[in-house]
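A quick write-up on the structure given underneath.
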């Protein structure tokens with residue numbers, strides 16, 4: 001069995017994808033928070049709560065992967 005090391009291009013592509021995923025989740029969380037103010041139906045509020053919990057879990061996972069790979073990123077909300 002042979003093991004291959006990732007080349008620089010593969011590592012760069014993975015890093016870029018990870019940062020894009022973090023950006024997507026951050027933006028999605030922002031959108032979910034904004035949606036709370038526009039939603040009065042209990043079923044829709046429940047759906048937003050579940051979606052927010054899923055996005056937070058995904059965010060925690062992505063941040064853990066970034067830390068494990070010494071990838072630094074600036075996390076913030078776009079306006």
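The values are calculated or read from the model by the stated rules, or taken from the named source; none is laboratory data. Quick caveat: nothing in here was measured; it's all calculated off a predicted structure. Using ideal geometry, Cβ is built from the backbone for each residue, glycine included, and neighbour counts are taken over all protein chains shown.
Annotations for the structure displayed:
- Yes/no for residue 15 being outside any helix (DSSP H, G or I) and either modelled with pLDDT under 95 or in contact with a strand residue (DSSP E or B) (Cβ under 6 Å, 6 or more places away or on another chain) (or both): no
- Cβ-Cβ under 6 Å pairs, at least 6 apart or on other chains, the range 1-16 side surrounded by 11 or more Cβ atoms within 10 Å (Cβ to Cβ), far side modelled with pLDDT of 80 or more and assigned to a loop (DSSP other than H, G, I, E, B): 15/71
- Close pairs from the range 51-67: first on the phi < 0 side of the Ramachandran plot and touching a residue at least 12 places away in the same chain (Cβ under 8 Å), partner outside any helix (DSSP H, G or I) and surrounded by fewer than 16 Cβ atoms within 10 Å (Cβ to Cβ), Cβ under 7 Å, at least 6 apart: 66/73
- Scan the range 32-76 for residues that are part of a helix (DSSP H, G or I) and surrounded by 12 or more Cβ atoms within 10 Å (Cβ to Cβ) and the total you get is 21.
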